[in-house]
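Engineer: Would you mind keeping the following structure in view while I ask a few things?
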Amino acid sequence: MTTYLDHAATTPMRVSAVEALTTELGRTGNASSLHAAGRSARRTVEESREQLAAALGARPSEVVLTGGGTEADNLAIKGLFWGRLAQDPARRRVLVSAVEHHAVLDPAFWLAAHGGAEIVLLPVDGDGRLDVDALAAELDGSGDQVALISVMWANNEVGTLQPLDDVVALARRHGIPVHADAVQAVGQVTVDFAASGLDALTVSGHKAGGPHGTGALLATRGLPLAPVLHGGGQERGVRSGTLDVPGARSFAVAVDEAVREQPALAPRLAALRDDLVRRVRAAVPDAVLRGPEPRPGTGSVPRLPANAHFTFPGCEGDSLLYLLDSAGVQCSTGSACQAGVPQPSHVLLAMGVDERAARGALRFSLGHTSTPADVDALVAALPDAVTRARAAGLASSGLPTGLRTGGPR
Amino acid sequence: MRVLAALSGGVDSAVAAARAVEAGHDVVGVHMALSRNRDQFRTGSRGCCSIEDAGDARRAADVLGIPYYVWDLSERFEATVVADFVAEYAAGRTPNPCVRCNQHIKFEALLDKALALGFDAVCTGHYARIVDRPDGTRELHRAHDLAKDQSYVLAVMGAGRLGRSMFPLGDAASKADVRAEAAARGLGVSAKPDSYDICFVADGDTQGFLRDRFGARPGDVVDAAGRVVGAHDGAYAYTVGQRKGLAIGRPAPDGKPRYVLEVQPVTNRVVVGSAEDLDVGLIRADDAVWLSDPADLAGAADGAWFPCEAQVRAHGAPVTARARAVAEVVAGAGGVVGVEIGAGVEVELVRDGEDVALRGVAPGQSVVLYAGTRVLGQATVSSTDRARSATSTDRARTGRLAG
C-alpha cells in the first residue's frame with residue numbers, strides 16, 4: 001500500500017483519457033492526408049482542439065498542439081523572442097519571474113547565451129509572489145526594449161498564484177505580449193485564456209490526467225511567433241510534425257474532465273491540504289510552510305488548493321524523501337534533480353530562503369485521486385522520518401573529523 | 001541487514017550490490033552526486049561522477065530490483081577532497097584524493113548518514129576483505145585478487161568502521177570474473193571501462209587543473225647545493241621522484257638523469273638530484289589511522305618497533321620494514337603547540353643487501369603498513385631520510401617528553 005503525494009509531478013491518468021487513447025491508437029490515419037482515413041484523423045484532432053479551446057476559454061485557432069509543456073514553453077519564449085525581434089530589433093529584453101520552471105528559465109538563458117537576448121529576472125516576495133512594482137519600474141525604464149514577459153500562473157514548488165491581472169495590465173500599457181506557464185493551474189483553479197488577457201499560455205496533458213508527451217500553447221492569432229520546429233508546416237506553421245491524433249484526443253478528454261470537475265475538486269483538495277498542513281505542523285512543530293499561508297474557509301488564498309510545501313530544519317530533503325518512500329509515502333523534494341545532480345531550489349532561494357534551509361524542502365501535492373487516508377499515512381510516517389533525517393543531518397554537517405587543510409608544515 | 005549499496009555507475013559496485021541482494025540483505029542503492037556543476041566533471045564513461053554514470057547506476061538498480069536514490073554530497077566533497085587536493089599541491093606535497101574520498105566521503109559522510117537513517121552497513125565495490133576473528137575483532141585484508149587489491153586506499157577508514165562495511169568483491173577471483181558475473185546478471189555496465197583518473201580532473205590533466213587554480217608561478221630549479229640549474233612555471237606542478245618535464249639546459253656534472261628531490265613552496269624552488277638522492281631509508285608520517293592497536297603489535301611496549309611491510313603507492317609493491325608509533329608534533333604559528341601521542345609513525349625500511357627498498361617517496365603520499373595480507377594501519381608521509389637515521393630516535397624521545 002503506497003501513498004501518492006506527488007500529483008504536481010504527474011497525476012494518475014483519468015479513465016476517460018485512457019479509454020480515448022486506446023481507442024484512437026487502434027485507428028489509422030495521418031491528419032494531414034487528404035483521403036478518408038486522413039480526414040477522419042483530422043476530424044478527431046479538430047474536435048479535440050475545439051474541446052480544449054472550450055475548456056480553457058480559447059478559440060480553436062488559438063490552440064497549438066505540442067509534445068508537452070516544456071515544448072510549449074520553449075515555443076513561447078524562443079518563438080516570441082524571435083518573432084518580436086524580427087518586428088523591432090531593439091526588443092531584446094526578456095522579463096521572466098525568478099521562480100519560473102526550468103522549461104521557461106532555460107530557454108531564456110539559452111537565448112541570452114546564443115541569441116542576443118538580455119534576461120531580466122523579476123523578483124518575488126517571501127511567499128514567492130511576483131513583485132509587481134519591480135515589473136512596473138522595469139517597464140517604465142526600458143519598456144520599449146522588452147520582447148516579452150513570462151510569469152507563471154501558479155508555481156510548481158510552493159503553489160503561489162501570480163498576480164497575472166496586474167502583469168497583463170502593465171504589459172498592455174507598453175504593448176508587450178505576456179506568456180504564462182499554466183501547467184500546474186489547469187484543473188485546480190479557473191483558467192480562462194480570453195478573460196486572462198494573456199497572449200500565450202502553456203498547458204500540459206499529463207498534469208491534468210492526460211497522457212505524457214501532450215501539451216499545447218494557446219497563442220492569440222496575431223502574435224508574432226517564430227517556429228521552433230520546422231517541417232511539414234502543421235499547427236499554423238509554428239510546430240511542424242505529424243499530429244499525434246490519439247494524444248490530442250486523450251489530452252482533450254482529460255483537460256475537459258479536469259476543468260469540469262475543478263469547481264468541486266478544488267474545495268475538496270483545499271480542505272484536505274489544510275488538514276495536511278495543520279497535522280504536519282502538529283507532528284513537527286518547527287516545520288516551516290513555504291508559500292502563502294492557507295486561510296481555511298475563505299477560498300481566496302493565493303495558492304493552489306492541492307499544494308503544500310515545507311522546509312524541515314536540520315533535515316536534508318533527500319533523507320526525508322528516502323525515509324518516507326521506504327515507508328510507502330511518495331513525495332518530492334521540490335528541487336530540480338536532473339540526472340543525479342541536485343541543486344538547491346532556485347524558487348526557495350528567490351524567496352529569500354537560505355541554502356541550508358532550502359535543502360530540507362519537501363513538497364506534498366494532492367490530486368483527483370487523493371483521500372484523507374493519504375494524509376493519515378503521511379502524518380503517521382513523518383515524525384520518525386524527521387527524527388532520523390535530523391540525526392543524519394547532524395551526522396553530515398560541519399567539518400569532518402581529522403580534516404587537514406594542508407599548507408607548508 | 002539493511003544495506004546501503006553505494007552505486008558509482010561502474011561494474012564493481014553493481015556486482016557488489018547484486019551479491020548483497022543475493023545474500024538476502026535489504027538493499028537500497030545510492031549514487032553520490034559529488035559535483036553540482038554538470039559540466040565540471042568529465043562526461044566520459046571512465047569515471048564515477050558524470051551524468052552518464054548516474055544513469056548507469058540507476059539502470060543497475062533497476063536490474064537488481066532495488067530502490068535508487070541520489071544523495072548530494074557535493075559540498076562535502078568540495079570542502080574535503082578537492083580543497084585538500086589543491087592545498088596539498090600548494091604546500092609542495094603529493095596528495096591521494098581517492099584516500100581522502102574514502103576517508104571523508106564514503107566511510108564518513110555517507111556511512112554516518114546511512115547509519116543515522118537506519119541502515120546497518122554500507123556496501124561498496126572495493127576489492128578488499130574484512131575478516132572476522134573468533135574473538136570478535138575485525139581485520140582488513142588484501143583482496144584475493146592482488147592485482148585488483150584496493151586495501152591501500154581503504155586503510156584510512158580505520159578499525160571502527162569495519163563492522164559497518166561490506167566489500168563483497170574481496171573474494172572475487174579476478175576482474176574478468178566480476179565482468180562475466182555482471183554480464184550473466186544482465187547488468188549493462190559489464191563491459192564499461194575501468195576508471196583510473198582523478199574523477200574531478202577533466203581529461204586526467206592534473207597539471208592543467210592545477211595551472212587553472214594557481215596560474216603561472218615561475219621559479220628556479222636548483223641542485224642539492226642550491227645552484228640554479230633551470231627554471232619552472234610553478235613548483236606545484238612537480239612531484240618528488242619526477243624525471244620528465246624538467247627544463248634543465250645543462251647536463252648534470254656526472255651525466256646522469258636528474259629527478260625532483262624536493263618541492264619548496266615557500267621559496268618556490270624545485271630541488272633536483274640523482275636517482276640515488278631519492279633513496280628512502282626512513283619514512284616519517286602523521287595522522288596515523290590504526291586497524292590494529294600499535295601497542296599490541298609492538299608486544300605491548302608502547303613506541304617499540306614491530307615488523308611489517310610498507311606500501312607507499314596504490315599499485316606499488318610492499319617492502320620489508322619495521323615501524324613504531326611516535327608522537328606527532330603539531331606545529332602552529334608560535335612553533336610547536338602540541339604533541340599527540342601515537343598519531344605519528346616512523347617506518348624504517350629494511351635493506352636487502354645493497355638494494356634500495358624505495359625511491360622517491362613524496363610528502364602527502366599514504367604509507368600503509370601490512371603484516372602479510374592484513375592491514376595494520378596507515379599514515380600520511382610527512383618527510384623521508386635517505387639513511388635509516390638515528391635522529392629518529394631523538395625525535396621520538398623529544399616528542400614523548402614534550403607530551
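Here's the yes/no breakdown for (1) assigned by TED's automatic domain parsing to the domain that holds B:Asp145; (2) under 30 Å from B:Ala321 (Cβ atoms); (3) modelled with pLDDT under 90:
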| residue | (1), (2), (3) |
| --- | --- |
| B:Val178 | yes, no, no |
| B:Pro193 | yes, no, yes |
| B:Asp205 | no, no, yes |
| B:Val222 | no, no, no |
| B:Gly226 | no, no, yes |
| B:Glu262 | no, yes, no |
| B:Val289 | no, yes, no |
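Engineer: Please work out which one of (1) modelled with pLDDT under 90; (2) surrounded by fewer than 22 Cβ atoms within 10 Å (Cβ to Cβ); (3) more than 7 Å from chain A (Cβ to nearest Cβ) is the condition B:Asp53 fails and give its number.
Structural biologist: Single failed check for B:Asp53: (2).
Engineer: I've got another one for you. I'm trying to understand the selection: among the residues of the stretch B:198-211, which are among the charged types (D, E, K, R) and either within 14 Å of B:Ala87 (Cα to Cα) or assigned to a loop (DSSP other than H, G, I, E, B) (or both)?
Structural biologist: B:Asp205, B:Arg211
Engineer: Restricting to the stretch B:188-216, give me the number of residues that are open to solvent by 30 Å² or more (accessible area, probe 1.4 Å) and more than 21 Å from B:Met32 (Cβ to Cβ).
Structural biologist: 9
Engineer: Something else about it: For the structure I just gave you, tell me whether A:Thr10 is touching a helix residue (DSSP H, G or I) at 6+ places or on another chain (Cβ under 8 Å) and part of a loop (DSSP other than H, G, I, E, B).
Structural biologist: So A:Thr10 passes the test.
Engineer: Report whether or not B:Leu154 is open to solvent by 30 Å² or more (accessible area, probe 1.4 Å) and at pLDDT 95 or above.
Structural biologist: In short, no.
Engineer: Separate question: Of everything in the stretch B:261-288, what is more than 24 Å from the chain's Cα centre (by Cα) and within 12 Å of chain A (Cβ to nearest Cβ)? Give them in sequence order.
Structural biologist: Scanning the stretch B:261-288 gives B:Val266, B:Thr267, B:Asn268.
Engineer: What residue, among those in the stretch A:374-394 that are at the interface with chain B (Cβ under 9 Å from one of its Cβ atoms) and touching an Asp or Glu at 6+ places or on another chain (Cβ under 8 Å), is surrounded by the fewest Cβ atoms within 10 Å (Cβ to Cβ)?
Structural biologist: A:Gly393
Engineer: Also: Being in contact with a His (Cβ under 7 Å, 6 or more places away or on another chain), modelled with pLDDT under 95 and of a type outside the set (Asp, Glu) is the requirement here; does A:Gly222 meet it?
Structural biologist: Criteria not met by A:Gly222.
Table: residues versus (1) in contact with a Leu (Cβ under 9 Å, 6 or more places away or on another chain); (2) closer than 30 Å to A:Thr23 by Cα.
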site: A:Asp199; (1), (2): yes, no
site: A:Gly209; (1), (2): no, yes
site: A:Gly215; (1), (2): yes, yes
site: A:Arg239; (1), (2): yes, yes
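Engineer: Report, by residue number, each residue of the stretch B:71-99 that is within 16 Å of B:Ala6 (Cβ to Cβ), open to solvent by 20 Å² or more (accessible area, probe 1.4 Å) and facing chain A (nearest Cβ under 9 Å).
Structural biologist: If the condition is that a residue be within 16 Å of B:Ala6 (Cβ to Cβ), open to solvent by 20 Å² or more (accessible area, probe 1.4 Å) and facing chain A (nearest Cβ under 9 Å), then B:Arg76 is the only one that fits.
Residues checked against (1) open to solvent by 10 Å² or more (accessible area, probe 1.4 Å); (2) not in a helix (DSSP H, G or I):
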site	(1), (2)
A:Arg221	yes, yes
A:Pro224	yes, yes
A:Phe251	no, no
A:Val255	no, no
A:Gln262	yes, no
A:Ala282	yes, no
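Engineer: Separate question: If I ask for residues that are open to solvent by less than 30 Å² (accessible area, probe 1.4 Å) and modelled with pLDDT under 95, which ones from the stretch A:337-348 would you list?
Structural biologist: Within the stretch A:337-348, A:Gly340, A:Val341, A:Pro342, A:Pro344, A:Ser345 qualify.
Engineer: I'd like the residue in the stretch B:101-124 that is open to solvent by 10 Å² or more (accessible area, probe 1.4 Å) and more than 9 Å from chain A (Cβ to nearest Cβ) and, out of all such residues, is nearest to the chain's Cα centre (by Cα). Outline the logic, then answer.
Structural biologist: Looking only at the stretch B:101-124, we keep the residues that are open to solvent by 10 Å² or more (accessible area, probe 1.4 Å), and these are B:101, B:103, B:106, B:108, B:112, B:115-116, B:118, B:120.
In the following step, the residues that additionally are more than 9 Å from chain A (Cβ to nearest Cβ) were identified as B:101, B:106, B:120.
Details: B:Cys101: 9, B:Lys106: 13, B:Asp120: 25 Å.
Taking the candidates together, the pick is B:Cys101.
Engineer: Residue by residue through the stretch A:168-183, note down the ones that are of a type in the set (A, V, I, L, M, F, W, C) and closer than 24 Å to A:Val259 by Cα.
Structural biologist: Residues satisfying the conditions are A:Val168, A:Val178, A:Ala180, A:Ala182, A:Val183.
Engineer: I'd like the residue in the stretch A:31-49 that is in contact with a Lys or Arg (Cβ under 9 Å, 6 or more places away or on another chain) and touching a residue at least 12 places away in the same chain (Cβ under 8 Å) and, out of all such residues, is farthest from A:Ala252 (Cα to Cα).
Structural biologist: Looking at the filtered set, the residue picked out is A:Ser32.
Let's see how each residue does on (1) open to solvent by 70 Å² or more (accessible area, probe 1.4 Å); (2) under 22 Å from B:Val368 (Cα atoms); (3) in a loop (DSSP other than H, G, I, E, B); (4) out of contact with any helix residue (DSSP H, G or I) (no Cβ under 8 Å at 6 or more places or on another chain):
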site	(1), (2), (3), (4)
B:Val272	no, no, no, yes
B:Val289	no, yes, no, no
B:Asp296	yes, yes, no, yes
B:Ala304	no, yes, yes, yes
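Engineer: Among the residues of the stretch B:160-197, count how many are within 22 Å of B:Gly24 (Cα to Cα), part of a helix (DSSP H, G or I) and free of Cβ contacts under 8 Å to residues at least 60 places away in the same chain.
Structural biologist: Final tally of qualifying residues: 9.
The values are calculated or read from the model by the stated rules, or taken from the named source; none is laboratory data. Just so you know, these numbers come straight off a predicted model, no measurement behind them. Don't worry about glycine lacking a Cβ; one is built from the backbone with ideal geometry, like all the others, and counts go over all protein chains shown. Note: accessible area is taken over every heavy atom of the protein model, side chains too, but ligands, DNA and RNA are not part of it. Shrake-Rupley method; radii C 1.70, N 1.55, O 1.52, S 1.80 Å.
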